[in-house]
Each structure stands twice: as C-alpha cells, then as structure tokens.
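This report concerns only the one structure given below.
The values are calculated or read from the model by the stated rules, or taken from the named source; none is laboratory data. The structure presented is a predicted model; accordingly, all values stated were derived computationally and were not measured. Here the Cβ positions follow ideal geometry from the backbone for every residue, glycine too, while neighbour counts run over all protein chains shown. Ligands, DNA and RNA are excluded from the accessible area calculation, which covers all protein heavy atoms including side chains. Shrake-Rupley method; radii C 1.70, N 1.55, O 1.52, S 1.80 Å.
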Amino acid sequence: MHASLPALSIRGLVKHYGGLMAVDILDLEVPAGQIYALLGPNGAGKTTTLRMVAGLARPDAGTVQLFGVDVIADPIGAKQMLAWLPDEPLLYDKLTPAEYLAFIAGLWRVPAAVASVRAEALLSRLGLWDRRDVRCEGFSRGMKQKVALAGALIHEPRLLILDEPLTGLDAAAARQVKDMLLERVASGGTVILTTHILEVAERIAQRIGIIRAGRLIVEGSMAELAAGRDAGTTLEDLFLELAA
Ligand code: ATP
C-alpha cells in the first residue's frame with residue numbers, strides 16, 4: 001500500500017434522514033500521520049459522517065476510502081485499519097478490563113501473548129492496571145471511557161476515530177488521553193476526533209475542519225485558518241464567526 005495515500009478520503013458523501021440532509025455532498029481528506037479535528041455545531045453531521053466512515057451507517061451517495069480501501073466495496077478490509085470510539089461507548093459491564101481487552105483482541109485475531117502485553121501497557125498508562133480484574137459495572141463514566149479507549153487501541157489501528165473522547169474525563173485523564181493520541185501520531189498512526197473543546201483541537205490537531213449543515217466550510221492548520229486575521233485570533237473566535 002502506498003505510503004502517501006490519505007488515511008481518509010470522502011467524496012460527495014450524502015446521508016439523509018427523511019427530508020433532512022444530515023450530510024450534504026461532503027468532501028473531506030485527512031492525510032496520514034496527523035491528528036485531524038472535525039468540528040461543527042450540534043447537529044452539523046459529524047457523528048453521522050464518522051458512522052459512515054466506520055461502516056456503521058450506509059451512505060445514500062458518495063464514497064469513503066480508508067488508505068485507498070473503499071468501505072462499501074471492502075468493508076472488512078477497511079474495518080481492519082480502523083478503530084472507532086463512539087461518544088457513549090458500550091462496554092460489556094460484566095467483564096473486567098483484562099477480560100474485555102482479551103475479548104476485543106480476540107475479535108481482531110491479535111495473538112493472546114501480544115494482546116496481554118498491550119493490555120498491560122494500555123491499562124497501566126490509563127491508571128487502570130490495579131483495577132484490571134474488577135468488573136466494569138461499578139466503574140465511573142470516565143473509567144469506562146478509558147477502558148473503551150484501551151479496547152480501541154488493542155489492535156493498533158492505523159486510523160483511530162474518536163467521537164468526543166475527552167467529555168467526562170478529569171484533567172489528569174484528559175491529559176493522558178491527549179498524550180496517547182500525540183504518541184500514536186508520532187509513531188505513524190492517524191487520529192480523527194470530534195470535540196466541542198476548541199482549545200483541545202487548537203492545541204493537538206495539525207489540521208482542523210469545520211462542518212456546518214453537513215458540509216465542510218473551512219479547513220486547514222490553525223495558522224492557515226487564522227491567516228489574515230488579528231494576531232491572537234483563537235479557534236473559538238474563528239468557530240463563532242464561521243460556524244455558529
Ligand atoms: P453533535 O455535536 O450534537 O453531536 P453532530 O455534528 O454529531 O452533532 P449528527 O449526530 O451527525 O450531528 O446529526 C446530524 C443531523 O442528523 C441532526 O439533525 C440529527 O438530528 C440527524 N440525525 C442523526 N442521526 C439520525 C437518525 N438516526 N435518525 C434521524 N435523524 C438523525
């Protein structure tokens with residue numbers, strides 16, 4: 001596979017629900033090896049778009065390719081490169097973090113010995129190693145979110161998609177997750193995330209795309225987006241001007 005292929009390439013993507021165009025002829029390209037923040041007001045179509053990327057919703061029109069692999073023509077090939085972490089992840093509550101990660105790793109056919117090394121590293125990193133054998137049912141929302149994140153990373157996907165990954169996390173956990181995302185990218189991975197926390201996007205994303213009413217209205221690095229504006233223009237200033 002060619003190294004310069006974009007991690008994600010979306011062309012003419014459409015999804016409607018009844019008369020509502022949730023995604024309206026969307027074009028979007030995410031280069032490999034970066035953190036890309038997809039921003040937009042409530043109801044802009046971010047989750048709907050990412051659900052189609054992850055193969056969880058079928059487009060009404062358009063194409064989605066992951067590293068050149070079409071998600072409709074080759075859904076299994078595409079899914080193997082991807083991990084998707086929804087904003088309200090479902091965990092199997094009766095499982096412990098160790099069992100959950102072993103289970104998810106098994107689905108991806110990660111050898112058990114490799115999976116257990118990765119699970120230890122991920123759970124230690126996320127401060128959950130001492131809870132590895134405790135059932136998730138009693139965990140707080142943030143702890144469950146961290147277990148779900150570990151599950152998303154256990155097969156070392158080339159592309160990690162996270163819908164609002166920092167909501168509900170305390171400051172220390174949010175820092176851990178941000179650091180982990182930066183490390184994924186430093187080691188060649190690609191991360192796409194949605195967030196309403198604009199400071200996070202400004203700080204960790206190399207590229208930022210803003211969608212409104214199902215269309216991409218502006219895209220670029222923070223420097224590109226702020227070009228020609230007052231010094232000190234923040235992403236919040238831009239967002240409120242362009243998208244709200
Ligand atoms: P938020 O920031 O609030 O999470 P979003 O940008 O992720 O918003 P979406 O969840 O993609 O927005 O929703 C886009 C539009 O599509 C909204 O008007 C929403 O009501 C509609 N929509 C999404 N899923 C469905 C569905 N399953 N059935 C009907 N309408 C839907």
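For segment 11-68, a residue qualifies if it is of a type in the set (Asp, Glu) and open to solvent by less than 70 Å² (accessible area, probe 1.4 Å), and exactly one does: ASP24. One residue stands out in segment 179-197 among those that are of a type outside the set (Gly, Ala, Ser) and open to solvent by 20 Å² or more (accessible area, probe 1.4 Å): the one that is nearest to PRO157 (Cα to Cα), namely ARG184.
When ALA105 is tested against (1) under 18 Å from the mean Cα position of the chain (by Cα); (2) surrounded by 20 or more Cβ atoms within 10 Å (Cβ to Cβ), exactly one condition is not met: (1).
Against the conditions (1) within 14 Å of the ligand (Cβ to nearest atom); (2) more than 20 Å from ASP163 (Cβ to Cβ), MET52 satisfies every one except (2). Sub-8 Å Cβ pairs linking a first residue in segment 42-66 that is on the phi < 0 side of the Ramachandran plot to a second residue that is within 7 Å of the ligand (Cβ to nearest atom) and open to solvent by 70 Å² or more (accessible area, probe 1.4 Å), at least 6 apart or interchain, number zero. Of the residues making up segment 1-38, those that are within 9 Å of the ligand (Cβ to nearest atom) and touching a Gly at 6+ places or on another chain (Cβ under 7 Å) number 4.
Any residue in segment 230-240 that is of a type in the set (A, V, I, L, M), within 18 Å of TYR36 (Cα to Cα), part of a helix (DSSP H, G or I) and open to solvent by 60 Å² or more (accessible area, probe 1.4 Å)? No, segment 230-240 has no match at all. Taken over segment 1-28, the criterion of being of a type in the set (Asp, Glu) and in contact with a Leu (Cβ under 7 Å, 6 or more places away or on another chain) is satisfied by ASP27 alone. Scanning segment 155-176 for residues that are within 12 Å of the chain's Cα centre (by Cα), open to solvent by less than 10 Å² (accessible area, probe 1.4 Å) and more than 16 Å from the ligand (Cβ to nearest atom) yields a total of 3. If you scan segment 207-224, which residues turn out to be buried (at least 20 other Cβ atoms within 10 Å of the Cβ), touching a helix residue (DSSP H, G or I) at 6+ places or on another chain (Cβ under 9 Å) and assigned to a strand (DSSP E or B)? Selection gives ARG207, ILE208, ILE210, ILE211. Scanning segment 55-86 for residues that are within 17 Å of the chain's Cα centre (by Cα) and within 16 Å of the ligand (Cβ to nearest atom) yields GLY55, LEU56, ALA57, VAL64, TRP84, LEU85, PRO86.
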